[in-house]
Amino acid sequence: MKVAPSLLSCDFSKMGEEVIRIDKAGADLIHLDVMDGHFVPNLTIGPAVIKSIRSYTKLPFDVHLMIDDPIDYIDSFAEAGADIITFHIEARSDAAATIDKIKSRGILPGLVVKPNTPVEEIFPYLDQLYMVLIMTVEPGFGGQAFMENMMPKVTAVKEECQKRGLDVLVEVDGGISEKTVSAAAKAGVDICVSGTGVFKAKDTAEAIRVLRESDMV
Ligand code: DX5
Ligand code: ZN
């Protein structure tokens, strides 16, 4: 299991140091939550902030766009240093065109579904994707309870990929901690995002280690 700490729960007054801290603590990717106050009822960071912390780590930047019109901002996030860009199937942009735009910038594309969206909605695009993200909370805020009943979506993506001979990673996001990660690990999740689970832990490195090793037990 790879671990992608979400900077949404870090100390925003010292983001650069926080990035260095989770890098040293063993993070595999850095998860960046971009919210526009329209697609979700919260506002967070944009390309300028992402660009400002890019030089603090070599770890991949996993950018999760919770915005209405992702296609209009792909160039900005590419220039900011995104390595993976994941956007919502529920957003307004044409999904195929957005994936093409992400790929044209040499970035790995991901699609994400909210809890009430059937995961089958992303199946037409599966062969174009690097990653599928399954939300395990309603997007918008950190610190919510993990929805274990989303795990059949993970299984469904894995089965569809196997049937079609595709190698697409599955990531889960929301409410992941050492208490909840085993359900995700059992379902075959490849990457877990964790905000409060990592940043509010007493020992960050230990919290990351427990998440990473959850699929070994
Ligand atoms: C929620 C975000 C998540 C959030 C996870 O909309 O997409 O990445 O930061 O935070 P926790 O791990 O606290 O649920
Ligand atoms: Zn996220």
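Over region 66-159, with a single point scatterer placed on each C-alpha, what log10 of the ratio I(q)/I(0) does the Debye formula yield at q = 0.11, 0.21, 0.25, 0.26 1/Å?
Relative scattering, expressed as log10 I(q)/I(0), comes to -0.31, -1.06, -1.33, -1.38.
What's the carbon and sulfur percent of the chain's accessible surface, probe 1.4 angstrom, rounded to a whole number?
Exposed carbon and sulfur together represent 50 percent of the surface.
Above 30 angstrom, tally the Cα pairs of the chain and express them as a % of all pairs, no decimals.
So the portion of pairs separated by more than 30 Å is 14 percent.
Multiplying the sequence separation of I20 and K58 by 0.36 nm and subtracting their Cα-Cα distance, what value in nm do you get?
Extra length available between I20 and K58 comes to 12.7 nm.
Please state, rounded to one decimal and in Å, the Kirkwood hydrodynamic radius that region 142-217 gives when every pair of distinct Cα atoms enters the mean of 1/r.
Numbers: mean 1/r = 0.0776 Å⁻¹.
Across region 142-217, the inverse of the average 1/r is 12.9 Å.
Rounded to whole Å, give me the distance from the Cα center of region 4-64 to that of region 103-125.
21
Based on the Cβ-Cβ distance of L43 and K163, what FRET efficiency does E = 1/(1 + (r/R0)^6) give at R0 = 30 Å, to the nearest 0.05? Let's see the in-between values first.
Details: r = 40 Å, r/R0 = 1.34.
Efficiency computed from Cβ-Cβ geometry: 0.15.
Express the relative contact order of region 49-99 as a whole percentage, based on alpha carbon pairs under 8 Å and six or more residues apart in sequence.
On the way: 53 pairs, mean separation 22.9, N = 51.
Once normalised by length, the contact order is 45 percent.
Going Cα to Cα from K153, which lysines come in below 29 Å? Please leave out same-chain ones fewer than 8 positions away.
The reachable lysines, counting only those whose Cα sits under 29 Å from K153, are K2, K101, K103, K114, K163, K179, K186, K200.
Would you mind working out the accessible area per residue for region 104-217, using a 1.4 Å probe, and quoting it in Å²?
With all protein chains present, region 104-217 gives 47 Å² per residue.
Counting each DSSP H run of 4 or more residues in the chain as -39500 (n - 2.57), what helix-only mean residue ellipticity at 222 nm follows after dividing by all residues, to the nearest 500 deg cm²/dmol?
Dividing the helical sum by the residues of the chain leaves -8500 deg cm²/dmol.
Can you give the % of DSSP beta bridges in region 1-148 that are antiparallel, to the nearest 5? Intermediate values should be presented prior to the final figure.
Values: 1 of 21 bridges.
Antiparallel bridges: around 5 percent, rounded to the nearest 5.
Gaussian network model of the chain, Cα springs within a sub-10 Å range: biggest mean-square fluctuation belongs to which of P124, P60, P115?
P124
Give the relative contact order (percent, whole number) for region 2-216; include only Cα pairs under 8 Å separated by 6+ residues.
20
The values are calculated or read from the model by the stated rules, or taken from the named source; none is laboratory data. The structure presented is a predicted model; accordingly, all values stated were derived computationally and were not measured. With ideal geometry, Cβ positions are generated from the backbone for all residues, glycine too; neighbour counts draw on all protein chains shown. Just the protein is used for accessible areas: all its heavy atoms, side chains included, with ligands, DNA and RNA removed. Shrake-Rupley method; radii C 1.70, N 1.55, O 1.52, S 1.80 Å.
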